[in-house]
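This report refers to the structure that appears directly beneath it.
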Amino acid sequence: MKRNKYKDYLWYTALAVFIICVIEGIFFYHNVDNPFLKVTLNIQNAIKAYKIDPDIKQKEAIAYMQATGGGILSGIITYVYCIAVIVAPFCTIGALTVLIRKPASYVRGLFSQRNKKRVLVIGEGKYKFPLIDALTKDCRVTVVESTILSDDKKIKYINKGVKFVQKYQDMHMESVIKMLDMCKFSDVFLCDDNSIENIECLNAFTKSFEKNINASENKEYLQIHLCCNDNSMAELIRQYYDKIDTRTFDLDIVDVNKMAVNKMYKEHPVYTANKGDDYDVHIGIIGFGDFDQSALIQGLNMSVLSAESTICIDVFDKDMESIIGSFMKNFSVDVLKGLKFIKEDIYEGKSIEYYELKFPFDTIPDQFGIDGRVCLRFFNTDARTLQFNSIFKRCNDDKLFTYLIVAMSDTHLMSNTLIELKQLLYNKGDSCINIPIVVRAKENNDFANIYGEKNLFTINKNKDIFSYASITNRDIVNDAKIFNHRYNMLYEIISRYKADKNIVVDDKFMLSEDIEERLKKDSIELKENKKISEEIDEVWHNKGIFDRESSIAQSLHQDIKKWIIYEKHAYSLTDNREELERIEHRRWNIFMITHGFKYEKAERKDMYAKTHPCISKWEVLKVEKPDTLEYDFTPYYILKADFACICADKAFCGLRLYY
């Protein structure tokens with residue numbers, strides 16, 4: 001029974017008890033001469049019935065009925081009164097329970113939230129309530145509400161330990177910020193669907209903090225996470241934040257699906273199914289919602305396993321026609337010059353239509369120059385259509401899938417799709433599917449346990465998408481901060497050497513002991529000197545949002561480089577320097593292209609026109625920008641230093657165990 005119904009029934013029962021007590025009192029006090037006394041005695045009896053002490057006891061009521069001769073009506077009233085006297089105390093208990101539920105919930109919520117981070121949630125959007133539900137598991141949440149809350153919503157908030165601040169229409173956000181003690185919050189989440197509202201809120205924070213800019217020497221900036229899935233609005237927000245002269249907070253543009261995708265590829269790498277000398281990647285994506293679009297973009301970045309490999313991503317969605325237009329906004333508008341619309345016969349009398357995009361272009365290969373081949377195919381079909389089996393099988397026969405992502409809104413359809421995929425991917429003699437299949441379910445269904453497949457993984461809604469760890473991206477960002485710090489350090493060393501020697505750095509310098517010693521020294525300082533960490537945070541704080549995203553992408557790819565060098569042993573840091581540089585340059589090219597950039601022969605990049613002179617094939621880069629080549633080897637020096645530290649730590653731990 002729902003709580004609101006329970007409360008209604010409670011009040012109805014209490015009212016009925018009161019009326020029955022009054023009727024019984026009318027009969028019992030009939031002989032009292034004073035009318036005032038008669039009424040007050042009657043009401044007193046009715047009230048005292050609720051505290052288990054009525055003036056008219058059950059025995060007295062029955063005796064009075066018998067003494068007056070009784071009657072059917074009198075008998076019914078008397079016996080109903082006897083029952084009402086028993087029911088009345090339970091009404092009292094129920095009423096007390098209802099009254100203390102709010103304060104009890106508040107106290108319970110308060111105790112459950114002790115020693116947790118304090119976060120502030122502002123805005124009205126589709127992610128608001130999933131975000132609040134997930135954050136309450138790890139944080140003490142305060143919500144700024146611009147709508148009037150119902151009693152049920154208030155109780156729900158109180159039960160979860162959520163505090164709420166009411167913002168009325170005539171209140172400015174600056175006034176709300178002043179009301180709150182912002183020093184106690186570690187993070188602010190702006191989750192309004194209207195990005196302009198979020199920008200205005202950022203502006204309010206900027207104005208509020210400007211007055212206190214020198215009030216504290218604390219270098220820990222307030223972290224503001226702004227939810228935005230629209231590329232155009234995200235670009236507008238980047239430009240707004242980058243123009244702020246004095247930044248009093250750190251801004252992070254949050255695409256919740258992108259964060260979950262980063263976590264997915266980190267935990268389930270794309271190279272899992274690559275065997276032998278095969279470095280080609282073939283990813284299949286079934287469904288093309290926000291999550292799948294992020295999976296495609298980041299999948300390109302994480303699929304660079306060699307400089308000349310083929311990366312093919314096939315996307316299947318029955319509503320592709322209405323989706324692909326918004327997805328293509330991730331790229332430069334000039335990418336449309338290479339987009340093809342293809343029609344092929346699938347079986348007699350039936351054809352399939354799909355879009356195909358290949359890099360580099362066949363007609364103008366220099367405009368989006370990439371080593372190796374990249375092929376994206378967008379099929380207007382999925383498991384709901386008749387031709388899906390034939391198309392999927394044809395794609396798999398052309399090149400075996402190495403990674404599959406399934407994300408569909410309907411759980412029943414998702415289940416049928418997985419059964420279908422198991423049949424399509426089954427090889428005789430296999431006991432399970434041999435490639436990773438990652439399932440992103442709308443609900444928190446654990447398909448991996450249900451199907452019992454060792455290579456089937458589930459993206460959990462609360463743990464992997466709507467959670468404090470996933471949205472703040474803290475672990476990945478911290479890795480990117482350190483990577484950025486080391487990259488800048490090596491960049492300065494290389495640039496200084498080139499300026500001093502007036503020559504292009506050669507192999508001997510790239511392998512010099514000076515760089516390795518500097519990285520080792522830096523590793524020790526990071527562990528022992530807290531001031532270094534503060535300086536790293538400050539540098540990160542002063543970087544533009546795009547540069548941060550670039551560092552994060554570069555840092556994430558370090559796991560791929562580690563795999564190909566130290567686990568796969570495909571390349572040697574000593575003997576294959578140029579090949580490794582080509583891999584990094586290819587990865588960087590793909591990152592830039594998927595963020596809307598294109599090639600233009602110029603001296604430097606143009607952030608507004610989104611052009612860059614280095615988006616080219618390796619051989620072209622060697623001719624046009626030879627002074628940039630050595631910087632593509634920088635990630636490998638960082639990787640080598642990290643690997644040396646890991647080996648040293650293991651040796652030290654082994655030594656301690658030995659002694």
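The values are calculated or read from the model by the stated rules, or taken from the named source; none is laboratory data. Note that this is a predicted model, so its numbers are computed, not measured. Ideal geometry is used to build each Cβ from the backbone, glycine not excepted, and the neighbour counts take in all protein chains shown. Accessible surface areas use protein heavy atoms only, side chains included; no ligands, DNA or RNA. Shrake-Rupley method; radii C 1.70, N 1.55, O 1.52, S 1.80 Å.
Below, the figures for the structure above:
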read-out	value
Accessible surface ranking that places the most exposed of K243, K59, K598 first, with a 1.4 angstrom probe	K59, K243, K598
L400-T272 pseudo-label distance in nm [points 7 Å out on the Cα-to-Cβ vector]	1.6 nm
Amide N of segment 13-29 lying under 13 Å from the label point, which is placed 7 angstrom from the Cα of E60 along Cα→Cβ	25-26, 28-29
Mean residue ellipticity (222 nm) of the chain, computed from DSSP H runs ≥ 4 via -39,500 (n - 2.57), nearest 500	-16500 deg cm²/dmol
Solvent-accessible area per residue, Å², over the chain with all protein chains present [probe radius 1.4 Å]	51 Å²
Order of exposure, largest accessible area first, which applies to R582, R587 with probe 1.4 Å	R582, R587
Inter-label distance, nm, simple model (7 Å from Cα along the C-beta direction), D345/T248	7.0 nm
Relative contact order of the chain, pairs being alpha-carbon contacts under 8 Å that are 6 or more residues apart, as %	11 percent
Convex hull volume per residue for segment 269-335, taking Cα atoms only, in Å³	98 Å³
FRET efficiency for L99 and N478, using Cβ-Cβ distance with R0 set to 56 Å, rounded to 0.05	0.70
Computed label-point distance, nm, for sites K601 and S572 using a 7 Å Cα→Cβ extension	3.8 nm
Rounded tilt (10° steps) of 35-49 against the dominant C-alpha axis of the chain	40 degrees
Protein-only accessible surface order, largest first, of E516, E624, E492 at 1.4 Å	E492, E624, E516
Across K137/K562; K126/K178; K543/K598; K530/K622, pairs whose alpha-carbon gap is larger than 30 Å	K137/K562; K530/K622
Scattering curve values for segment 150-252, log₁₀ I(q)/I(0), Debye with Cα scatterers, q = 0.09, 0.19 Å⁻¹	-0.27, -1.09
Cβ-based net charge around D192, under 13 Å, with every Lys or Arg adding one and every Asp or Glu removing one	-3
The chain - percent of accessible surface contributed by carbon and sulfur, probe 1.4 Å	54 percent
Å³ per residue enclosed by the Cα convex hull of the chain	275 Å³
Gain in span if fully extended, L413 to Q239, counting 0.36 nm per residue against the direct Cα distance	58.5 nm
Length released on extending from I76 to L180, taking residue separation times 0.36 nm less the Cα-Cα span	31.3 nm
With all protein chains modelled, accessible area of V254 [1.4 Å, Å²]	0 Å²
Convex hull (Cα only) mean projected area of segment 299-346, reported in nm² to one decimal	5.0 nm²
